Amino acid sequence: MITSMEALDPLYTTHVRCSCCETPFTTARMRSSFKKATHMDSDFCSYYNNDNNPDYYVVRVCPYCGFASTENSASSLTEGQKSSYLAKLGLNWKPRDYDGQRTLSQAMECYKLALLCAQSVGEKERIIAGLLQHIAWLYRYMGAYEQEKRFLRFALDAYIRVYEVEGSSINNAKLMYLIGELHRRVNEPYEAVKWFSRVIHNKKITDSAMIHRSREQWQVLREEMLASQMELPEAMQ
Ligand SMILES: [Zn+2]
């Protein structure tokens, strides 16, 4: 009986070691059986039943020193990074515990902490871009459109920097699609067209799912531009 009750709890506890102060602490994660999204937006923002959103639990916040990170963050920090975090943020940390269930606004606090921490230690641009994008999605759940758009713009700029470093040397079709889609969402249709076209026409790209998505959003964009009587770029005529 107890076992079946436990199976109904979407959350479980994991143990992690803080990458900054190295103290072990616990944090909740969502069971994979609850991770099924009911639907997903064209920029991969996902929706779940009953607030069972696994994204709320991605950030782990150390209750002792306040350092917040994700599974993809650097697993250990250099002495220089630690002192940079402490000087910029850690010394002002008031002990708080984000273990257990999180509300949307607590998830937002955790993501914003993770963003500040990542910036304070000079974390990889891809990690920072992902955090910015998640913050935009949380604002979308809240219906805060202006804030959502502000963070989509920050995420877009960060993803462009990722692309400038990684380029097309590795299979970056998803990144290119995403840059196109974020341009579309911040009302930069001409830039969006360029990125979708790159995914569609670059012969080296073999990611059929991203080619398909780029075609779809290219079409959506074309209709939006026609509806607002914008001049279509040559590629779209
Ligand atoms: Zn810590």
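The values are calculated or read from the model by the stated rules, or taken from the named source; none is laboratory data. From a predicted model like this one, the values you see are computed outputs, not experimental measurements. Neighbour counts run over all protein chains shown; Cβ positions are idealised from the backbone, glycine included. The area values use the complete protein model at the heavy-atom level, side chains included, leaving out ligands, DNA and RNA. Shrake-Rupley method; radii C 1.70, N 1.55, O 1.52, S 1.80 Å.
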Check: All but one of (1) among the hydroxyl-bearing types (S, T, Y); (2) open to solvent by 50 Å² or more (accessible area, probe 1.4 Å); (3) within 11 Å of the ligand (Cβ to nearest atom) hold for S69; which doesn't?
Finding: (2)
Margin query: Would you confirm whether or not segment 209-228 contains a residue that is polar (S, T, N, Q), farther than 24 Å from A129 by Cα, over 21 Å from the mean Cα position of the chain (by Cα) and not assigned by TED's automatic domain parsing to the domain that holds R126?
Written below: yes
Item checked: Residue check, L116 within 23 Å of P24 (Cα to Cα), among the hydrophobic types (A, V, I, L, M, F, W, C) and at pLDDT below 95 -> no
Check: What is the residue count in segment 100-123 for residues that are open to solvent by less than 30 Å² (accessible area, probe 1.4 Å) and part of a helix (DSSP H, G or I)?
Finding: 10
Check: Is it fair to say S75 is open to solvent by 50 Å² or more (accessible area, probe 1.4 Å), within 16 Å of the ligand (Cβ to nearest atom) and part of a loop (DSSP other than H, G, I, E, B)?
Finding: yes
Item checked: All positions within segment 136-177 that are under 16 Å from N72 (Cβ atoms) and either crowded, with 20+ Cβ neighbours inside 10 Å or small (G, A, S) (or both) -> A155, A158, Y159, V162, L175
Note to self: With the structure loaded, tell me whether Y64 is within 16 Å of the ligand (Cβ to nearest atom), over 30 Å from V220 (Cβ atoms) and either open to solvent by 80 Å² or more (accessible area, probe 1.4 Å) or free of Cβ contacts under 8 Å to residues at least 24 places away in the same chain (or both) or whether it fails that test.
What the structure shows: yes
Margin query: Pairs please, first residue from segment 107-131 and more than 13 Å from G66 (Cα to Cα), second anywhere and among the hydrophobic types (A, V, I, L, M, F, W, C) and open to solvent by 60 Å² or more (accessible area, probe 1.4 Å), Cβ atoms under 7 Å, 6+ apart in sequence or on different chains.
Written below: E125/V165
Checklist line | Hits in segment 47-61 (condition: away from the ligand (no atom under 16 Å from the Cβ), open to solvent by less than 40 Å² (accessible area, probe 1.4 Å) and within 20 Å of E125 (Cα to Cα)) | finding: D55
Next item on the list: State all residues of segment 15-46 that are away from the ligand (no atom under 12 Å from the Cβ), more than 14 Å from the chain's Cα centre (by Cα) and open to solvent by 30 Å² or more (accessible area, probe 1.4 Å); if no residue qualifies, say none.
Entry: H15, T26, R29, R31, S32, S33, F34, K35, K36, A37, T38, H39
